[in-house]
Amino acid sequence: MTIRIAWGITGCGDKIEAIVNLMIELKKKYGLKVDVYTSKNARLVLKWYKLWDLIKDEFYDIRAEVDANSPFLVGKLQTGHYDMLLVAPATANTTAKIAHGIADTLLSSAVAQAAKARVPVYIFPPDNKPGELETILPGGRTLTIYIREVDVENVEKIRKMESITVLDSVEGIRKAIEDFVNKKQ
């Protein structure tokens, strides 16, 4: 049985290279069918990190957001086309929208509708713990960012939502997918 994943990528650059490499690794290891859905800014960020061509080479179905309902990801989620929705990485903006029930973008709408249909939803917002976070910029330089309290509060709100699992790390993404695969076998 092939597991079908709708993988949403927002315009978050933190951990993006590790996430793209993990997507490719897990797709190959488990024979996953992964369709990629990008927010309006994700393509820009993927190109900035020189990952866009890699994504295009590795994944057959890549869809970029036109508006909150186009491409029609919600329909595919609600009709059982996908076994899970994974949004990784999720920007603080997308995380805030989900935390407050705002569904006005492709991925925030997909999360809301998938949760309503009881499709398992997994989200990795890098801004998930208070304090400092070192991120890698394109070209390999590091940047220290300071996580705002409001961003952590939004992550905590999502943790309490039904049908949504918050992942705290790239390794958490790996474990969630491996556990999901093992349950389905």
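Reported count of residues in region 119-170, each being within 26 Å of Val181 (Cβ to Cβ), under 17 Å from the mean Cα position of the chain (by Cα) and in contact (Cβ under 8 Å) with a residue 24 or more places away in the chain, is 20.
For region 118-146, a residue qualifies if it is touching a Leu at 6+ places or on another chain (Cβ under 6 Å) and modelled with pLDDT under 95, and the qualifying residues are Thr135, Leu137, Leu143, Ile145. The residue list Val155, Val119, Val111 contains one member that is surrounded by 20 or more Cβ atoms within 10 Å (Cβ to Cβ) and either assigned to a strand (DSSP E or B) or in contact with a Phe, Trp or Tyr (Cβ under 7 Å, 6 or more places away or on another chain) (or both), which is Val119.
Between a residue in region 42-62 that is farther than 22 Å from Gly140 by Cα and any residue that is among the polar types (S, T, N, Q) and outside any helix (DSSP H, G or I), which pairs come within a Cβ distance under 8 Å, given they are 6 or more apart or on different chains? Hits for this filter: Ile62/Thr38.
Is it the case, given these coordinates, that Ala88 is surrounded by 14 or more Cβ atoms within 10 Å (Cβ to Cβ), hydrophobic (A, V, I, L, M, F, W, C) and free of Cβ contacts under 8 Å to residues at least 40 places away in the same chain? Spelling it out, it is not the case that Ala88 is surrounded by 14 or more Cβ atoms within 10 Å (Cβ to Cβ), hydrophobic (A, V, I, L, M, F, W, C) and free of Cβ contacts under 8 Å to residues at least 40 places away in the same chain.
The values are calculated or read from the model by the stated rules, or taken from the named source; none is laboratory data. Because the structure is a prediction, the values reported are computed rather than measured. Glycine also receives a Cβ, built like all others from the backbone with ideal geometry; neighbour counts cover every protein chain displayed.
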